[in-house]
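Down below is the structure, laid out as structure tokens.
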């Protein structure tokens, strides 16, 4: 009975291994666009992903029943196919948040590329099962999938702001994924134990050394504008543009941004004013508005250098210096 059940499950999972990725992407896309109006939908959509992670966490329990029996190989094959579905779910569910809320900053090329690469590996069987044959790399792949998924799930489920979600994702990834690393191989020499400790510390410390490389997945810019004048009562920029003459800077320029934060903002934000590559101002912002119209904020730069001509940009960043979006403009001599 067990053998027949597992064989049927194995065959079903094998047929559905790529359909699962399409379904996961669709769920992520729906969650991205509908979470603002239907917060309960996010919990329903993410419940499946949370539950499936339990399969990997309890791997030994599932396999212990079949260990040493002819069914061990079938059970391991079924588990690998199930975990392939879990990895597809993690990457493809998160992919809309990564791509659609990407600010376009060069800092996020690496993160976005690694998420896309993980999604592709999870659906290309020769690559995935070759990776699964190397346990250390396979558990590293799992840790990466878990970290990416948690960056999306923690704000959706617990309404955490992105700075707390980054801290939580790093800590939980170490707690849940690292036990798998410790099981890789048998007795170790001292340098291998030291290497595993270093992996643990590296994951937990991501919010300190790698925050700028990780996009704030639940935040994006709904509206942005650089203007000469600003109506403070209506909170509306006036005389906007992308090119300004040196004379127009006498009264200063306004950088206006409306931050899309469907789960709430819950954290301070800043405007970083750059002239070329040089940071010339960092302005803490007071935020007004809410989920429907966007969290509106602006900064007013009055003092520009004498050689203000050239390319300028204003980066909207969190307290951890994650870039939410960028405004660009150009200053000419006339």
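Rule-based calculations on the coordinates, nothing more; no lab input. Predicted model only: the values in this text are computed from it and were never measured. Note that each Cβ is placed from the backbone with ideal geometry, even for glycine, and that neighbours are counted across all protein chains shown.
Tabulated data for the structure shown
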{"quantity": "Relative exposure of 275, 134, judged by other C-beta atoms within 10 Å (fewest first)", "calculated": "134, 275"}
{"quantity": "Label-point separation, residue 22 to residue 209 (7 Å along Cα→Cβ), nm", "calculated": "4.2 nm"}
{"quantity": "Packing-based ranking, highest mean first, of 199-211, 155-167, 247-259 given that Cβ atoms within 10 Å are counted", "calculated": "155-167, 247-259, 199-211"}
{"quantity": "Order of 82, 114 - criterion: other Cβ atoms within 10 Å of each residue's Cβ, fewest first", "calculated": "114, 82"}
{"quantity": "Percentage relative contact order, the range 220-332, counting C-alpha pairs under 8 Å, at least six apart", "calculated": "30 percent"}
{"quantity": "Alpha-carbon Rg with Dmax, taken over the range 192-273, Å", "calculated": "20.1, 64"}
{"quantity": "Estimated inter-spin distance, residue 195 and residue 157, nm [label 7 Å along Cα→Cβ]", "calculated": "3.2 nm"}
{"quantity": "Proxy reagent accessibility, fewest Cβ within 10 Å first, across 311, 232", "calculated": "232, 311"}
{"quantity": "Descending principal axes extents, the range 220-332, alpha-carbon based, whole Å", "calculated": "41, 30, 18"}
